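Read-outs throughout are calculated quantities, based only on the coordinates presented, and are distinct from any laboratory measurement. Keep in mind that this is a model prediction, so the values were computed, not measured. Positions of Cβ are backbone-derived with ideal geometry, glycine not excepted, and every protein chain shown enters the neighbour counts.
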Ligand SMILES: Nc1nc2c(ncn2[C@@H]2O[C@H](COP(=O)(O)OP(=O)(O)O)[C@@H](O)[C@H]2O)c(=O)[nH]1
Ligand SMILES: [Mg+2]
C-alpha cells in the first residue's frame, strides 16, 4: 500500500461553510452554530484512490477574508490544491472566490482546484440562477453544488480533488 | 542594554509560563531528532527519536523549505498554537507556542463582526424580497385596475349599443305601430290599408336587416362563419356592387365610380360573398357619412393580393377614434351630436370578414379630410374562364316565353317592378314600365304591348280607369289586374284576368302564358 500526503487549502469568504464542509468530510457531522475561524484549522483525512493508493489530505481551513486582515498567504505555502467555496445564498461570495483564486495562483502557481457552491439545501434563499451557474461552470473547472448540512456532493467534490492531486503530484501511482 | 540576571530570568520564566514553548528538531524526512519543553501541552508527549512527525504535526507538510516561517494561529485537535520553523542546514528547528488566549480574543472580536455582517446580509435579502413582493403587489393591483376599467368600458359600450339599437328600432317600430293603427281604423280606405301594409313591410324589412347585421356580427365573433373560396369573376361582382351603390350615391348627389387597374385578373380565387359584404359595408358607410363630393372604389392587384380601397370626401375620422372604430358596439360618428345615426357594427363585421379572409384593413383619415379604407385580401388569379350563365336563378323552363312578346307593367311599387323585370326579362319577354295610370295609357297606346299588367291603385289615374280608357281607345291586348283588394269589385269586361297581391312570380308567368 502506498501512502502519500498532500496539503489542501480551503478558500472562501467568511461563513460560506468552509469549516462545516471539512467537518462533514472528516467527521460526518454538521452544526448550525457559526463559530468564526481565526487563523487556520487543520484536519486530516485519508482518501482511497484507484490502484490501492491512500492519499492523506491535510486540510487547511483558512479563515475567511475579513475587513481587519486579508487572508494570511503564509498559510497557503506548499499546498497541492484548493477547495474554493462560495455560498449560493449570497452570490457576492462568488466574487470573493474569484479574487482569492487569482491571488493564490499569482503567488503559488496554478494548482488543481474544485469549486463548491454550498448551502444547496437552502433553496428558498438561493440567489444563483441556472444561467449564472452555467457561466460558473465555464469559468471554473469542477463546479459542485454542495450542502455541508445534508452532505450532498461533499465527498464527490473532495474525492475528485484528491484524484487530480494524485494525477499531478504522484503520477507513478496511477 | 544588558539585563541583570534576575530580570532576565524573570522575563524568561514569565514568557515561558505564558507561551509554554516546545521545540523539536527534525531531519529533511520529517523524522524527529531531539526536543525540549512541554510536549504534553501540545499532544506531543511520548516522543521517540526517529518518529515520523507528519502525522503528529501535520502543519509541517509543505512548509519545510529554505526560509524561516511563522504561522500565527494554527488550530489542531490539541488547541491553537503559533508555529515557527527555522531551517538549519539539512535540519529544521520547530517551535510551537501556546496562542489560545490571543486566539480567543481575536475569535470573539471577529465573531461579533462576522455575525453583524451575516445579519446585514440577511436583512438585505429580506429587504430585496420585500421589495419584490411590493413590486408584485403593485403589478397585481395595476392589472386588477386595468381589468376593472376594461370591464367598465365594455359595459359602457354595451349600454351605448343597446341605446343605439333601441334608437335604430324606434323609427321602424313607430311606423309599424302608426300604420297598423291607420289600417285598423273603421273608416279607412282600401288604399290606406295598402299603403299601411307597404309601410309596415318596409319597416319590418328594415328591422330585419338590423337584426341580420347584429347576428352577422355575433356569428363572426363566435367564429361560425366559414370561408368558401372559389374562382369568381371580379368584374361581375363589381357590376353588382355598382348596381347597388350607384343609386344610393345618386340619391345624395354624390359622384360614384369604380376604378379597376389593368393588372387585375379576370378571375380570382377568394370568398366572393365575403368580399361582396365587405364592399357593401364600406361603400354603404362611405355614402352614408358623406354629404358632398363623392365616393370612389379603387381596385388593384399584385402578388396574389387584391387591394380594394374605398375613398370618400366625408367628415373623416379623428385619429383618436380610429383605433376603436373597428371595435364591436362602437362607432366614431357621434349620434348625440346630430351625426347620421347607424350601428357601428358594419365596420366590425368588415374587419372580421377581412380577417376571416386572412386579409388586413388599413384606415387613413383625419377629421375633415375624408377617409380611405383599404382592404387587402389574398386572392390568387384563377386560370378558369368566366362562366357564361348568370349567378341568379333562372325562371323554370315551362314559364319561358313561347314567342317574342312585350309586357307593359304598371305599378308604383319599385320592389314589384324590380322583381317583375328580373323574371320577365329572364323568361324571354320584352318589358315596358309605367309608374302610374296615365303613363300606362300613354305607353300602351304608343308601343302596343302584347299584354298589360295593371296595378289597380296607381297614382294620378287609378288602374281601373286607365284600363277603361285603353279599352275605349280600342286597345285589344289582354289586361291583367294586379290588386290587393277584392277581385269581385273589378269590371271583368275591361280586365282579361286578375292576380291577387302579393304576386307569386311563377303564377304571374303562368297567367301571362295563358293569355298570349
Ligand atoms: N443550511 C446550511 N447551512 C450551512 C451549510 N454550510 C454551513 N452552514 C452554516 O453556515 C454558517 C457558517 O458555516 P461555517 O462552516 O462556519 O463557514 P466558514 O466561515 O466558511 O467556515 C454556520 O452557521 C453553518 O451552520 C449548508 O450546507 N447548509
Ligand atoms: Mg470557518
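See the values below:
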read-out: Likely footprinting exposure, B:1, A:164, B:53, fewest C-beta neighbours within 10 Å first; value: B:1, A:164, B:53
read-out: Cβ neighbours within 10 Å from other chains - mean over A:141-154; value: 0
read-out: Within chain B, percent of DSSP bridges classed antiparallel, to nearest 5; value: 70
read-out: Rg/Rg_ref, chain A, where Rg_ref = 2.2 N^0.38 Å and atoms are Cα; value: 0.98
read-out: Fully extended contour minus Cα-Cα distance, from residue B:70 to residue B:23, at 0.36 nm per residue; value: 15.5 nm
read-out: Relative contact order [Cα under 8 Å, 6+ residues apart], the stretch A:5-100, whole percent; value: 43
read-out: Estimated FRET transfer efficiency (residue A:54, residue B:31; beta-carbon r; R0 22 Å; 0.05); value: 0.60
read-out: Separation of the residue B:514 and residue B:93 label points, Cα + 7 Å toward Cβ, nm; value: 14.9
read-out: Extension reserve of the residue B:170-residue B:433 stretch, reckoned as 0.36 nm per residue once the Cα distance is removed; value: 91.2 nm
read-out: Antiparallel DSSP beta bridges within the protein assembly as shown, as percent of all bridges there, nearest 5; value: 55
read-out: Distance in nm between pseudo-label sites at residue B:142 and residue B:497 (7 Å out along the Cβ direction from Cα); value: 8.0
read-out: Added length on full extension, which subtracts the Cα-Cα distance from 0.36 nm per residue, residue B:260 to residue B:412; value: 51.1 nm
read-out: Crossing angle, helix A:18-27 versus chain A [Cα axis fit, 0-90 degrees, rounded to tens]; value: 40
read-out: Sequence-separation-based contact order of the stretch B:104-220, relative, with Cα cut under 8 Å and 6+ spacing, percent; value: 18
read-out: Alpha carbon centroid spacing (whole Å) that separates the stretch A:104-139 from the stretch B:406-445; value: 97
read-out: Whole-angstrom gap from the stretch B:69-141 to the stretch B:227-300, using each part's C-alpha centre; value: 86
read-out: Sequence of A:34, A:75, B:423 once ranked by neighbouring C-beta atoms within 10 Å, starting from the fewest; value: A:34, B:423, A:75
read-out: Global form of the stretch B:34-98, assessed from the alpha-carbon gyration tensor, a/c cut-off 1.5; value: oblate
read-out: Residue B:49/residue A:150 FRET efficiency (R0 51 Å; Cβ-Cβ; nearest 0.05); value: 0.65
read-out: Longest to shortest principal axis, alpha-carbon extents of the stretch B:1-128, angstrom; value: 61, 41, 29
read-out: Between 0 and 90°, nearest 10: helix B:414-427 axis offset from chain B longest Cα axis; value: 80
read-out: For residues of A:50-60, the mean tally of beta carbons on other chains within 10 Å; value: 2
read-out: Ranking of B:83, B:7, A:40 by count of other Cβ atoms within 10 Å, fewest first; value: B:7, B:83, A:40
read-out: Dimensions (Å) - chain B, Cα atoms, principal axes, largest first; value: 173, 57, 41
read-out: More than 40 Å apart - percent of Cα-Cα pairs taken over the protein assembly as shown; value: 62
read-out: Relative contact order [Cα under 8 Å, 6+ residues apart], the stretch B:5-98, whole percent; value: 29
read-out: Chain A: angle of helix A:154-169 to the longest principal axis, Cα-based, in degrees nearest 10; value: 40
read-out: FRET efficiency, residue B:158 to residue B:202 (Cβ-Cβ, R0 25 Å, nearest 0.05); value: 0.30
read-out: Label point distance in nm, residue A:107-residue B:322, each placed 7 Å from Cα along Cα→Cβ; value: 7.0
